[in-house]
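K.L.:
Have a look at the structure that comes next, please.
The values are calculated or read from the model by the stated rules, or taken from the named source; none is laboratory data. Small disclaimer: the values here were computed from a predicted structure and weren't measured. Cβ placement follows ideal geometry from the backbone for every residue including glycine, while neighbour counts extend to all protein chains displayed.
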Amino acid sequence: MAALLSVNAVSKRFGGIVALDDVTLTVQEGEIYGLIGPNGAGKTTLFNCMTGLYGVSRGEIMLDGKPIHNRKPHLIVEQGFARTFQNIRLFANMTALENVLVGRHVRTRAGVFGAVLRDADTRAEEAASRERARALLDFVGLANKGRTLAGHLAYGEQRRLEIARALATEPRLLALDEPVAGMNPAERRQMAELFLRLRAQGVTLLLIEHDVKLVMGLCDRVAVLDYGRKIAEGTPGAVRSDPAVIAAYLGTEAAA
Amino acid sequence: MLEFLRRPRTRAQARAAIILLAVLLAVLPFLVEAGLSRSWVRVLDFALLYVILALGLNIVVGYAGLLDLGFVAFYALGAYLYAWLASPHFGLHLPFWAILPLGATLAGVFGVLLGAPTLRLRGDYLAIVTLGFGEIIRIFMNNLNAPVNITNGPQGINLIDPVTIAGISFGKTQQLFGITFSSAHFYYYLFLAFTLVTVFIAYRLQDSRIGRAWAAIREDEVAAAAMGINTRNIKLLAFAMGAVFGGVAGGLFAAFQGFISPESFTLWESILILCMIVLGGMGHIPGVILGAVLLTVLPEALRYLGDWQRAAVGEVVVDPGDLRMLLFGVALVLMMIYRPEGLIPSRQRKREFHAEDGVAAQEQASLYDSRA
Amino acid sequence: MEIFVQQLINGLVLGSIYALVALGYTMVYGILELINFAHGEVTMMGAMVALTVIGLLLGLNPELPGLLVVLAGVLIAVPACMLLAFAIEKVAYRPLRRAPRLAPLITAIGVSIVLQNAAMLIWGRQYISFPQILPQMSFTVLGAHVTSLQIFIVLLCMTMMAGLWWLVQKTRLGRAMRATAQSKEVAMLMGVDIDRVISATFVIGAALAAIAGVLVSAYYGLAHYYMGFMLGLKAFSAAVLGGIGNIAGAMLGGLLLGIIEALGAGYIGDFTGGFLGSHYQDVFAFFVLILVLVFRPSGLLGERVASRA
């Protein structure tokens, strides 16, 4: 296994506040990697730095050996790194199918002339996009929801649609920000099963999650952030028994 | 009839509707001339011109969600370019077909130039900055008559060549196939052709990879970027596309009028075009067409208010021309308060303006987030 | 050197008027994040109402002391504009407080059109001249020409701004306004009557605008139904230059813009070798606006306002 994503000594400051402090971690190709930590530990900030929504103050982030820190989000997507959002950010007034088709944007080429003239290439590309988008909706279990407006979908369906939209960009690495937040146990099991199917398809997963049970059961390796610093990294078993983790994370949340 | 056009039950019905519409459009100027007067044919021409302009601005405002209040600048550029290249002002008399692509390109380039610095701005700031650009261009048109006379200042440029196609000058009344065509008739068919092309392009763009990217940016710019859309380029593309339509319409306008001056390109013209879009239904092509036609024809119809006043009290108390803008203002306010989605809304916009289930679901989602 | 001092003085006078109008934009924006496009028109209405009153009084008795007549005009114009702004907010903006961003902006443009055209119907298309009834004295400072009116304008504007500063910083209403600007929800929870605060903001801004309207028409000796448009845009540019939402910023931005404009108009001919002349004065405000928004969208004193999707 090779390192797909490596975060080297990344720091992120907002004014005087240090949100990330010298964070280093590596995600191997083909694994499910969990990122846990108490609220405000900097998990989403790290996601935003990785996916280009924030620049980094120091350090570097490499995807497959190529630097992606301080690059535009769309270039990072193009390199095969897609994400979802903690507070679902779908295009609410577009249909589910259209949402997924937007994800195809980066893998398709048709421009204004193609759009207006609808030449053979454009038609073929559009047909392939639609086919792929339908397949993805099917894959996440929304096969019959293609014509529904994204904003009208149930909460759990919206989470899954966001994953389908991200998958449409053909990512090698998919970052999911609290994908099972607010779901009931049955829905969580379905999602976990979806993640395993994704890995079987060769997608590496990076997961921010609060559900410790889900993370421990699913992830190959886990990193723990606290106050912007990585305090532990390793297999779920090893991290679970790490005293620093128990103090910082399990100590606060599990005891609460 | 519109309902019938929108929801044809069978293929045959759809075909019949299209044929009916085509025949109607083909004979419309003659019907209007016979039923009203020749000056109404000119109103019809202007209605078509505004349909082109409104559909152009609709790409920027309706599709991509960028409120552009300086749209008239591109209209002006197209008009002035035509005037420079086809009038005694510089002694150039290039043919219509040669100038039009130049005007479209020039306007498109300016669309990108004016769009580029504004892309980082949020919606309302964008509106003011584009308005500023529009005003700057107008101030230059007004003043670039000295020391080198480029625009001829407030007097404007006169004696602009009419369009000539196949040796027929559109500038004068002529007999063709035993039918009398006035200048207004010729331009009607020319503008109709351009309008149909514009409508076609607008539909094709909307339902395409680019159109979806615009919609995504309108809905949530950050999410669009995170899904791999180069938001800067796609927004610039919207500006450029809108500007191209503005530039073409400007060229048509200059040829049709034979005279242009900065007066035709004030901020109010931009706002008028925006009103058309808002009134009809932002982002929705049939709505925008309806809005453009209504707002061109209604002010003309308002002229009858003068006659009524004369009949009622013996004199014109309020000049109906002065009432025009006042009523537009009232209409804008009322529309935004009572029917922000426009007269014929697209299904998306209706929901977008009446924040309901979709937003509620989003709020619910963020509720879950803060709890988790 | 004389030209420089002269233009500096002219700029200071214009700038203090811009600042007065800019305050109205900035206060409303600070609380509602709304560009109150109609604010320029409120300024124009102030000038028009005051001139009408002045004309009526002089019609009754041309011998009345000029200062008193103008004061009477102002005393009528200020409450009239306050009432107008109160009505605008209630009718046109309040129903849209929860609507998407573009909706209230479009409404504001609509209100602006309505006011402008209503003024045209009431007062006509022609320029209305401001009667020469104010005492006129002039002085020479460093070779430049200064009139008593100019000094009066600057002093009055400074006094008004100081008064507003006191109101916002020291009074209960001011505290409520600042709280509402921070967070409407929290202010509401703390027992602030948001609707009243918003109304008050509009009304205070309108009072300043009315005075600015009278001053500007006295300064140029003219009023016109169209005058509010350019004045409003420039004042808005001034507010953005200073940092929109920031009261001190509006004052600074107004003064700076006035000076930039005056110096720009004075020297543009020299810079461009005579190619561009002083008719381009109006362009400067827009260039300043665009440059500020592109390079420092937060303005000189403001917080960050640029893109948040």
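K.L.:
Would you confirm whether or not the range B:173-183 contains a residue that is out of contact with any helix residue (DSSP H, G or I) (no Cβ under 7 Å at 6 or more places or on another chain) and assigned to a helix (DSSP H, G or I)?
P.N.:
Taking every residue of the range B:173-183 in turn, at least one turns out to be out of contact with any helix residue (DSSP H, G or I) (no Cβ under 7 Å at 6 or more places or on another chain) and assigned to a helix (DSSP H, G or I).
K.L.:
Kindly indicate which of C:V203, C:V146, C:V192 is within 23 Å of C:A85 (Cβ to Cβ), modelled with pLDDT under 90 and not hydroxyl-bearing (S, T, Y). Even if it seems obvious, please write down each step before you answer.
P.N.:
Numbers: C:V203 fails: modelled with pLDDT under 90; C:V146 fails: within 23 Å of C:A85 (Cβ to Cβ).
Exactly one of C:V203, C:V146, C:V192 is within 23 Å of C:A85 (Cβ to Cβ), modelled with pLDDT under 90 and not hydroxyl-bearing (S, T, Y), namely C:V192.
K.L.:
Is there a residue being touching a residue at least 60 places away in the same chain (Cβ under 8 Å), crowded, with 19+ Cβ neighbours inside 10 Å, within 17 Å of the chain's Cα centre (by Cα) and under 25 Å from A:G217 (Cβ atoms) anywhere in the range A:102-112?
P.N.:
No: zero hits.
K.L.:
Can you tell me how many residues in the range C:58-112 are more than 8 Å from chain B (Cβ to nearest Cβ) and outside any helix (DSSP H, G or I)?
P.N.:
Looking only at that region, the number is 6.
K.L.:
Another question, then. For the range C:77-99, check the following and say yes or no: at least one residue is surrounded by 20 or more Cβ atoms within 10 Å (Cβ to Cβ), in contact with a Cys (Cβ under 8 Å, 6 or more places away or on another chain) and hydrophobic (A, V, I, L, M, F, W, C).
P.N.:
Within the range C:77-99, none of the residues are surrounded by 20 or more Cβ atoms within 10 Å (Cβ to Cβ), in contact with a Cys (Cβ under 8 Å, 6 or more places away or on another chain) and hydrophobic (A, V, I, L, M, F, W, C).
K.L.:
Something else: Determine whether A:V56 is under 26 Å from A:D138 (Cα atoms), hydrophobic (A, V, I, L, M, F, W, C) and either assigned by TED's automatic domain parsing to the domain that holds A:V203 or within 13 Å of the chain's Cα centre (by Cα) (or both).
P.N.:
Details: under 26 Å from A:D138 (Cα atoms): no; hydrophobic (A, V, I, L, M, F, W, C): yes; either assigned by TED's automatic domain parsing to the domain that holds A:V203 or within 13 Å of the chain's Cα centre (by Cα) (or both): yes.
No.
K.L.:
Looking at (1) surrounded by fewer than 20 Cβ atoms within 10 Å (Cβ to Cβ); (2) among the aliphatic types (A, V, I, L, M); (3) outside any loop (DSSP other than H, G, I, E, B), can you tell me which one C:L134 breaks?
P.N.:
(3)
K.L.:
For the range A:104-118, does any single residue satisfy the condition of being more than 7 Å from chain B (Cβ to nearest Cβ) and among the β-branched types (V, I, T)?
P.N.:
No, every residue in the range A:104-118 fails to be more than 7 Å from chain B (Cβ to nearest Cβ) and among the β-branched types (V, I, T).
K.L.:
Okay, moving on. So if I check each of A:G80, A:G114, which one is closer than 22 Å to A:R132 by Cβ, out of contact with any helix residue (DSSP H, G or I) (no Cβ under 7 Å at 6 or more places or on another chain) and not hydroxyl-bearing (S, T, Y)?
P.N.:
A:G80
K.L.:
Which of the following residues is assigned to a helix (DSSP H, G or I), surrounded by fewer than 24 Cβ atoms within 10 Å (Cβ to Cβ), on the phi < 0 side of the Ramachandran plot and more than 11 Å from the chain's Cα centre (by Cα): C:L252, C:L257?
P.N.:
Of C:L252, C:L257, the one residue that is assigned to a helix (DSSP H, G or I), surrounded by fewer than 24 Cβ atoms within 10 Å (Cβ to Cβ), on the phi < 0 side of the Ramachandran plot and more than 11 Å from the chain's Cα centre (by Cα) is C:L252.
K.L.:
Of the residues that make up the range B:158-169, is at least one under 19 Å from B:A79 (Cα atoms), within 14 Å of another protein chain (Cβ to nearest Cβ) and either of a type outside the set (F, W, Y) or more than 22 Å from the chain's Cα centre (by Cα) (or both)?
P.N.:
no
K.L.:
Within the range B:119-153, can you find the residues that are more than 7 Å from every other protein chain (Cβ to nearest Cβ) and under 24 Å from the mean Cα position of the chain (by Cα)?
P.N.:
Passing the criteria: B:L119, B:L126, B:T130, B:L131, B:F133, B:G134, B:I137, B:R138, B:F140, B:M141, B:N142, B:T151.
K.L.:
Condition test on B:F239, is it more than 12 Å from chain A (Cβ to nearest Cβ), more than 25 Å from B:L131 (Cβ to Cβ) and buried (at least 17 other Cβ atoms within 10 Å of the Cβ)?
P.N.:
On the way: more than 12 Å from chain A (Cβ to nearest Cβ): yes; more than 25 Å from B:L131 (Cβ to Cβ): no; buried (at least 17 other Cβ atoms within 10 Å of the Cβ): yes.
Criteria not met by B:F239.
K.L.:
Further, regarding this structure: On the given criteria, is B:G280 buried (at least 23 other Cβ atoms within 10 Å of the Cβ) and either aromatic (F, W, Y) or at pLDDT below 85 (or both)?
P.N.:
Values: buried (at least 23 other Cβ atoms within 10 Å of the Cβ): yes; either aromatic (F, W, Y) or at pLDDT below 85 (or both): yes.
Yes, satisfied.
K.L.:
Considering only the range B:87-118, state which residues are part of a helix (DSSP H, G or I), more than 9 Å from chain C (Cβ to nearest Cβ) and buried (at least 19 other Cβ atoms within 10 Å of the Cβ).
P.N.:
Scanning the range B:87-118 gives B:F96, B:I99, B:L100, B:G103, B:A104, B:L106, B:A107, B:G108, B:F110, B:G111, B:L114, B:G115.
K.L.:
How do the pairs read when you match residues in the range C:106-133 that are more than 24 Å from B:S270 (Cα to Cα) and in contact (Cβ under 8 Å) with a residue 40 or more places away in the chain with residues anywhere that are surrounded by fewer than 19 Cβ atoms within 10 Å (Cβ to Cβ) and among the β-branched types (V, I, T), using Cβ under 9 Å and keeping only pairs 6 or more apart or on different chains?
P.N.:
Correct list of pairs: C:I122/C:T52; C:W123/C:T52; C:I128/C:T52.
K.L.:
Can you tell me which residues in the range C:1-40 are under 17 Å from C:Q150 (Cα atoms), buried (at least 21 other Cβ atoms within 10 Å of the Cβ) and more than 16 Å from the chain's Cα centre (by Cα)?
P.N.:
Selection gives C:I9, C:N10.
K.L.:
May I ask you to say which residue of A:A124, A:A133, A:A92 is farther than 21 Å from A:L206 by Cα, in a helix (DSSP H, G or I), among the aliphatic types (A, V, I, L, M) and at pLDDT below 95? If you could, list the steps in order and put the result at the bottom.
P.N.:
Details: A:A133 fails: at pLDDT below 95; A:A92 fails: in a helix (DSSP H, G or I).
Going through A:A124, A:A133, A:A92 in turn, the sole match is A:A124.
K.L.:
Considering only residues that are part of a helix (DSSP H, G or I) and touching a residue at least 40 places away in the same chain (Cβ under 8 Å), which ones fall in the range B:119-128?
P.N.:
If the condition is that a residue be part of a helix (DSSP H, G or I) and touching a residue at least 40 places away in the same chain (Cβ under 8 Å), then B:G123, B:D124, B:L126, B:A127, B:I128 are the ones that fit.
K.L.:
Moving on. Hey, can you tell me all the residues within the range A:63-89 that are at the interface with chain B (Cβ under 7 Å from one of its Cβ atoms) and either free of Cβ contacts under 8 Å to residues at least 12 places away in the same chain or not in a loop (DSSP other than H, G, I, E, B) (or both)?
P.N.:
Those that are at the interface with chain B (Cβ under 7 Å from one of its Cβ atoms) and either free of Cβ contacts under 8 Å to residues at least 12 places away in the same chain or not in a loop (DSSP other than H, G, I, E, B) (or both): A:P73, A:H74, A:V77, A:E78, A:R83, A:N87.
K.L.:
Can I ask one more? Residue by residue through the range B:172-220, note down the ones that are of a type in the set (V, I, T) and more than 7 Å from chain A (Cβ to nearest Cβ).
P.N.:
B:T173, B:I179, B:T180, B:T195, B:V197, B:T198, B:V199, B:I217
K.L.:
Shifting gears a bit: Based on this model, can you work out whether A:G34 counts as buried (at least 23 other Cβ atoms within 10 Å of the Cβ), closer than 22 Å to A:L63 by Cβ, assigned by TED's automatic domain parsing to the domain that holds A:T204 and not aliphatic (A, V, I, L, M)? Steps first, please.
P.N.:
Numbers: buried (at least 23 other Cβ atoms within 10 Å of the Cβ): yes; closer than 22 Å to A:L63 by Cβ: yes; assigned by TED's automatic domain parsing to the domain that holds A:T204: yes; not aliphatic (A, V, I, L, M): yes.
Criteria met by A:G34.
K.L.:
Right, A:N39: surrounded by fewer than 21 Cβ atoms within 10 Å (Cβ to Cβ) and assigned by TED's automatic domain parsing to the domain that holds A:G228 or not?
P.N.:
Yes.
K.L.:
With surrounded by fewer than 24 Cβ atoms within 10 Å (Cβ to Cβ) and away from chain C (no Cβ under 14 Å) as the only criterion, which of B:V297, B:V244 stands out?
P.N.:
Just one listed residue meets the conditions, B:V297.
K.L.:
Within the range C:156-169, can one find any residue that is buried (at least 18 other Cβ atoms within 10 Å of the Cβ), modelled with pLDDT of 85 or more and more than 17 Å from the chain's Cα centre (by Cα)?
P.N.:
For the range C:156-169, residues buried (at least 18 other Cβ atoms within 10 Å of the Cβ), modelled with pLDDT of 85 or more and more than 17 Å from the chain's Cα centre (by Cα): present.
K.L.:
Residues B:L69, B:L5, B:L57: which one is assigned to a helix (DSSP H, G or I) and at pLDDT 85 or above? Reasoning before the result, please.
P.N.:
On the way: B:L69 fails: assigned to a helix (DSSP H, G or I); B:L5 fails: at pLDDT 85 or above.
None of the other options fit; the residue is B:L57.
K.L.:
What about B:F74, is it assigned by TED's automatic domain parsing to the domain that holds B:N158, farther than 21 Å from B:I289 by Cβ, of a type outside the set (A, V, I, L, M) and assigned to a helix (DSSP H, G or I)?
P.N.:
Considered against the rule, which asks whether it is assigned by TED's automatic domain parsing to the domain that holds B:N158, farther than 21 Å from B:I289 by Cβ, of a type outside the set (A, V, I, L, M) and assigned to a helix (DSSP H, G or I), B:F74 comes out as no.
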